[in-house]
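The values are calculated or read from the model by the stated rules, or taken from the named source; none is laboratory data. The structure presented is a predicted model; accordingly, all values stated were derived computationally and were not measured. Glycine also receives a Cβ, built like all others from the backbone with ideal geometry; neighbour counts cover every protein chain displayed.
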Amino acid sequence: MHSTAYPQAPASDQNPIAEFRAASKHYGEVVAADAISLSIMPGEFLSFLGPSGCGKTTALRMLAGFEAPTSGEMLLDGVRVNDLPPHKRPVNMVFQHYALFPHMNVADNISYGLRQQRPKPAAAFVAQKVAETLERVRLPGFDTRRIWEMSGGQQQRVALARALINQPKILLLDEPMAALDRKLRREMQIELQSLQRALGITFVLVTHDQEEALSMSDRICIMRAGRIVQIGAPRDLYDAPNSRYVADFVGKSNFFEGTLSSVSGLMGAVDLPTGPGRGRLGQDVAVGRKVSLSVRPEQIYLSPTGGAFAVQVRNRIFLGEHTEYLVNNPSLGDFLVLVSRQTEATLGAFDPGQDAFADWTPEAALILNND
Amino acid sequence: MRPKLINRLLLAPAGIWFLAMLVLPLAVVLVFSFGERGQSGGYVPAFTFAQYLNLPARWKAFENTLTLAPVGTLIVLLIAYPLAYFLALRANPKWRTLLLILVIVPFWTSILIRSYAWIFILGGRGIPALLDMLGLHNLRLINTPFAVLVGIVYGYLPLMVFPIFVSLERLDKRLLEASADLGSPPWRSFLQITLPLSLPGMATGCMLVFILLMGEFLIPAMLGGGKVFFVGNALVDLFLQSRNWAFGSAVAVALVVVMLVTVTIYMRAMTRWGNGRDDVSLM
Amino acid sequence: MSDTPDHISPQKFMAELMRYRKGSVSRRHFLGVTGLGMATTVLGSAMPGLITRPAFAAGSIGDSVVLATWPNYHDPASFEAFTAATGAAVQVNVFGSNEEMLAKLQAGGSGWDVFVPTNYTITTYVEEGIIDPLDMSKLPNYDAASFDPRFAGPGTVDGKLYAASKNWGTTGMAVNTSQTNGRVLTSWKDFWDITKAEFSGRTTVHDYQLTTIGNALKSFGYSFNSIDPAELADAEKLLIEVKPHLFAITSDYQPPMRSGDAWLAMCWTGDGKQLNKDIPEISYILGKEGGEIWSDFYAIPKSAPHLDAAYALINFLLDPAINYKEAMFHGQPVADARVDAMMSAEIMADPIIHPAAELLSNLEFGAAATLTDPNRAEVMARFKSA
C-alpha cells in the first residue's frame, strides 16, 4: 500500500475540466505554489485542504485567474489559460466573507454576472433568472433586501446564488463557511452537496476544516508548503494516509515513535519501548529508520481486564456517540482512545484514575516516516 | 446623576467654543444686518430691511461665486480623483505614506506664500518666459481665469484627495475580484464598483471644497488680479474699505443662507441617490 | 531709501500674512512690510537686553511707547536713538489702510500711543472724539512757521492743532517708457486711453476707490473728490469700459511692474521713487488734469497709555536732524522747511519727490466725504464685479 499513484476522479473516460501542469507561483523569495500537478474532472467535488499558508488559496486563485502561474501551465477545458483574465474565464467564485456588493440590493448582486454579458440579456430574462436562483438558494422574495439587512447564512446563499447565475463550469468556494456557526455550517454543507449533485457543476472548495472536506468532497487534495502531499477520496486518505502529516491532518491519530526493525511483505515491525509493534507499511520506509506507528483512537480497544498495554485513565471527554479517553502508559506516554457508546454499554465506562488495558490489531496500525 | 454631570463637564468646552465662535458672531452679524451704516462707517442700531433690499447691488458677486464654486469643485474633483485613485490602489505601499505627505506638504505654508509663488511661476518671468524661448510669444497666464483655476486646484486639492483616498483605501479589493470573476472587465468594474463605493469620499471632498470656495476671496484677488469679484471680495471691501458694516452683514447673512440652501439641496440629492445606504455618509 | 531689506522676524511676518489674508493690507503693501527694516525695532524692543539704556533716563517717561504706522516709513536707527536717549523702547504696529486704523481705534483698546493718520481722516477722528488737540508745550520741535501750510493744514481742525505733519506725497502713474514707442504720457486721459489701446492688458489700478475713481473723474476734468451722481456715472462707464484691458486691480503693483508683466500703474510717490531708482526706464508722472496729493500726520489717541512717551516720541521724530534722516531713509518729501534746507540740490530737484509747482497746484487732497461716500463704494463694487 505504498503506491504513490494518485487515484483518478470518478469517470476516467472524460477529459479533465481543469488541469494544473507543474504550476508554480512565486512571490519574490516566497514559493506559494510549488509545481502543482492536478487534474480536476467534470462534475467532481474537489477540496484543497491544509493549514493556512499551504498554497491552497493560491491554487484556487490560479484557477479563477487572479494569479498567473510563475511557471508551469494552467488549463481549462484543455486550453492553456495562464494569461486569461478572470472576467473571461467560465468559473465563478464564492468568496471568503462573500465580498457582496454593499451598494446593491440582493437582486442586483445576484444578477451582476448576467448583466456583465454582452450583448446584454433582456431585463425580463434577468428578472426570471434572479427569481429562479433565489428560489434555488431558498431566498425567495428577498430581491430588494439590502445586504446588511441579511444574516450571515443568508449572505452566504446570496454569494452562492451570485456565483451560480452564470452557470459556471467550475464553482470555486474559498472557505465559504468559515464565518458561519457550527450548526449553520452543517446545514450549508449538506445543502452545497445536494446543490452540486443537482447542478452537476464541478465544485472546488478550499478549506482548513478537515471535517468539512471529509464530509463533502469526492476527492481531497492535501497541501503543505505549496506542494500537494496526497490526493484521494476521503476514506482512502483516512485509512491510508501516505505520510504522518496527512495522518495527523485528516482525523486524529496517535503516533508511537521507534525504529523500523523488520519488513515482511506489506507488514513491518517497530521497536517500541514496550517491545516490537507490528503494523502495515504506509509508505516507502527502510529498516533501521526512525518511524512512527500511527493508530487511530477508535482503532484502540480499552478493556478493564486484559490487553498488550497497561494504562491509567487520565481524562474522559463525553462526545455523545463516543467517549474520548486520554490514557497513559509509562513507556508510550499519553494517547487517545475513542470508545463507542455501544462498547461502553457492555464494558462500562472508565473513570479517571482507573487502571485498564489498551490494545490494537496490527492491521489498525500504520507505519509512517517521521518527517 | 454623576455621569450626567461628567458628561456636561466634558461637553462644556465644546459647547462654549460653539457658542463663542459660531453662534455669537452669527447673532451679531444678524443684528447688524438690520442696522444702518454710521456717518463715518461702522454700525448704527436700527431696524430696517434696507440692507436686504439693497442686496441686488451685489448680485454679480453672488453670480460669480455660484458659478465658481460648483465649477471649481468639479475641476478639483476631476483632478483629485485620479490622484487619490493612484495613491490608494496603484502606488507602491512602500512609498504611499511619503506620497501622501507630499500631498499635504504645501499646506504647511500659508496659502498667501503659495499664491505668491504662483504669481512668480505664472508671471512674465515664469512659465511664459520659458515658452517664449520655445517660440510661443506673448502668452499671458497670470491674472487670467486660468491662473485662478490653477490656484484653486492647487489650494484645494488635498481637501479633495484625502476623503477620496480614504474611501478608496477602505474599499474591499475582493469586491473588484468578485466583479472581475463575474465577467466584468476592469473599466466596467471601476464604474460599477469603485466609483459608487468611493462616492462618500467624493461627497465629503466636494462638500469641503464647495463650502470653502463659497467664501474664497484671496486666490481670485491674487492670481486673478482683483478683476474677478466674489462674495468674499465684496465682504472684504464692505467691512474693511467702505466700512459699511450693516450692508456687509446683510451680504454675509445672504451668503450663509445661500450656502445652507445649496448644501441642503445637495444633501437631499445625495441621500436620495444613496437611497438610505449606510455606506454613504455625507460628511 | 535702503536697498537692502532688513530681515523681518518670523512672528511679524506671520502677523503680516494674517493681516493680508484678512484682506486688510491694501494701501501700502505686504511685500513692502516684509522687506523692510522695521522688524529690527520690534525685535529690539522684544528683547530688551539688546538695547543698552542710559541709567539716568530710565523710567522718566516709562519704558515703552507704541506706534501705529505705515510700512517702510521709518528708519530703525531713529527708534534706537530714541530708546538710547529716553529709555523707552518703541513698539511698532504696521498698518495697511486708514480704514483699518479707524476701525481699530473706534473699537477701543488699541493700546497705541502714537499713530499716523492721513489728511482726509483727521476730521473724522476729531468728530468721533478719538483724538485730542496736541499740547504744543510738549512739542518744542514743532515750529508751526516752518511747515508748509498746504501740507500741514489738515492737522488743524477748528483752529486747534490735532495732528503734526509727518510727510506728504502724490498719486500719479508709473510708466515703463521702454514700451511706449516714444509716446509721453502726461494726463489721466492718456492713462485710460493707452490702456484701452496699445497697453491693453498691461495696466494696473489701485484696489482703492478714492484714487481709482478719483483719477477716472480727473480724466473728464471733474473733481478728484466728486460725489456728483452724473459725474460718478461717467467715471463708472469709463472704468467698466477699461476693465477688460486691465492687468490687475491691485495695490500691490510693484512686482508686476518689476517683472515686466505690467507697463503702467496707478502709483503712490514712494513706490514711484523705488521703482524708478531700481529700473530707470520706469518714470513717475503726475496727470496734468490734477489728481491726489496727500499728507500724513502724527496724532495721539485719547486712549494712549503712555502719554508722556507719546509726546516725547513725536517731538524726537520732528527734530529736523532726525526728520532729515528719516526722509533719506524712506524717500518721501517733508513739509518742514528746516528739513528741506538740509537736503541736497539734487534731491530738491528730483521731480518725483518734489514735483513742479504747476503740477502740484492742480492736485487735490482727498476729502473725508469722498472716502466715506456710499455711492463711490457702490461704483467701485460694480467696477470690480463687472
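No other residue among B:Ala203, B:Ala269 is part of a helix (DSSP H, G or I) and free of Cβ contacts under 8 Å to residues at least 60 places away in the same chain apart from B:Ala269. Just one of the listed residues (B:Pro70, B:Pro56, B:Pro13, B:Pro25) is within 12 Å of another protein chain (Cβ to nearest Cβ), assigned to a helix (DSSP H, G or I), surrounded by fewer than 18 Cβ atoms within 10 Å (Cβ to Cβ) and not basic (Lys, Arg), namely B:Pro56. Filtering region B:211-242 down to residues that are in a loop (DSSP other than H, G, I, E, B) and within 22 Å of B:Val257 (Cα to Cα), which residue is farthest from the chain's Cα centre (by Cα)? Ranking the qualifying residues of region B:211-242, first place goes to B:Phe229. Before we move on, is A:Gly307 at pLDDT below 90, of a type in the set (Gly, Ala, Ser) and surrounded by 12 or more Cβ atoms within 10 Å (Cβ to Cβ)? So A:Gly307 fits the description; yes.
Selection of strands (runs of 3 or more DSSP E) fully inside region C:216-299 by the criterion of at least 2 residues being charged (D, E, K, R) returns C:291-298.
For region B:230-268, filtered to residues that are touching a Ser or Thr at 6+ places or on another chain (Cβ under 7 Å) and more than 11 Å from chain C (Cβ to nearest Cβ), the residue that is surrounded by the most Cβ atoms within 10 Å (Cβ to Cβ) is B:Ala250.
B:Leu260 passes every criterion in (1) at pLDDT below 90; (2) of a type outside the set (Val, Ile, Thr); (3) part of a helix (DSSP H, G or I) apart from (1). With the requirement that a residue be within 11 Å of chain B (Cβ to nearest Cβ) and without any contact (Cβ under 8 Å) to a residue 40 or more places away in the chain, what does region A:145-166 give you? A:Glu149 - this is the single residue of region A:145-166 that is within 11 Å of chain B (Cβ to nearest Cβ) and without any contact (Cβ under 8 Å) to a residue 40 or more places away in the chain. Looking only at region B:168-189, residues that are more than 12 Å from chain A (Cβ to nearest Cβ) and either over 30 Å from the mean Cα position of the chain (by Cα) or surrounded by 17 or more Cβ atoms within 10 Å (Cβ to Cβ) (or both) come to 1 in all. Is it true that B:Ile164 is among the hydrophobic types (A, V, I, L, M, F, W, C), modelled with pLDDT of 95 or more and in a helix (DSSP H, G or I)? So B:Ile164 fits the description; yes. If you go through region C:117-142 and pick out every residue that is within 14 Å of another protein chain (Cβ to nearest Cβ), of a type outside the set (A, V, I, L, M) and touching a Lys or Arg at 6+ places or on another chain (Cβ under 8 Å), you end up with 1.
Looking only at residues of region B:105-132 that are surrounded by 14 or more Cβ atoms within 10 Å (Cβ to Cβ) and under 18 Å from the mean Cα position of the chain (by Cα), we find that the one that is farthest from B:Asn143 (Cα to Cα) is B:Pro106.
Taking the criterion of being loosely packed, with under 15 Cβ neighbours inside 10 Å and within 29 Å of C:Met342 (Cβ to Cβ), the residues of region C:98-152 that qualify are C:Asp135, C:Met136, C:Ser137, C:Pro140, C:Asp143, C:Ala144, C:Ala145, C:Pro149. So is C:Arg338 within 21 Å of C:Gly155 (Cα to Cα), of a type in the set (Lys, Arg) and touching a helix residue (DSSP H, G or I) at 6+ places or on another chain (Cβ under 6 Å) or not? It is true that C:Arg338 is within 21 Å of C:Gly155 (Cα to Cα), of a type in the set (Lys, Arg) and touching a helix residue (DSSP H, G or I) at 6+ places or on another chain (Cβ under 6 Å).
Would you confirm whether any residue within region A:85-96 is buried (at least 20 other Cβ atoms within 10 Å of the Cβ) and either more than 12 Å from chain B (Cβ to nearest Cβ) or more than 23 Å from A:Leu205 (Cβ to Cβ) (or both)? Checked against the condition, which is being buried (at least 20 other Cβ atoms within 10 Å of the Cβ) and either more than 12 Å from chain B (Cβ to nearest Cβ) or more than 23 Å from A:Leu205 (Cβ to Cβ) (or both), region A:85-96 yields no hits at all.
Are any residues in region A:187-224 in a helix (DSSP H, G or I), over 22 Å from A:Asn166 (Cα atoms) and in contact with a strand residue (DSSP E or B) (Cβ under 8 Å, 6 or more places away or on another chain), and if so, which ones? If the condition is that a residue be in a helix (DSSP H, G or I), over 22 Å from A:Asn166 (Cα atoms) and in contact with a strand residue (DSSP E or B) (Cβ under 8 Å, 6 or more places away or on another chain), then A:Gln210, A:Glu212, A:Ala213, A:Leu214, A:Met216 are the ones that fit. Consider region B:211-227 and keep the residues that are within 10 Å of chain C (Cβ to nearest Cβ), surrounded by fewer than 24 Cβ atoms within 10 Å (Cβ to Cβ) and hydrophobic (A, V, I, L, M, F, W, C). The one that is nearest to B:Phe47 (Cα to Cα) is B:Phe217.
Taking the criterion of being part of a helix (DSSP H, G or I) and touching a Ser or Thr at 6+ places or on another chain (Cβ under 9 Å), the residues of region A:225-248 that qualify are A:Pro234, A:Arg244, A:Ala247, A:Asp248. What about A:Glu191, is it out of contact with any Gly (no Cβ under 7 Å at 6 or more places or on another chain) and farther than 26 Å from A:Ser24 by Cβ? Yes, satisfied.
Cβ-Cβ contacts under 8 Å between residues 6 or more apart (or on different chains), taken from a first residue in region B:114-126 that is without any contact (Cβ under 8 Å) to a residue 12 or more places away in the chain to a second residue that is surrounded by fewer than 18 Cβ atoms within 10 Å (Cβ to Cβ) and among the charged types (D, E, K, R), are absent. A:Gly226 meets the conditions (1) under 30 Å from A:Thr57 (Cα atoms); (2) buried (at least 16 other Cβ atoms within 10 Å of the Cβ); (3) outside the structural domain of A:Gly43 (by TED's automatic domain parsing) in every case but one. The failed one is (3). The residues in region C:353-386 that are out of contact with any Pro (no Cβ under 9 Å at 6 or more places or on another chain), in a helix (DSSP H, G or I), within 14 Å of another protein chain (Cβ to nearest Cβ) and touching a residue at least 60 places away in the same chain (Cβ under 8 Å) can be counted, and the count is 12. With respect to (1) modelled with pLDDT under 95; (2) more than 9 Å from chain B (Cβ to nearest Cβ), the lone exception for C:Asn225 is condition (1).
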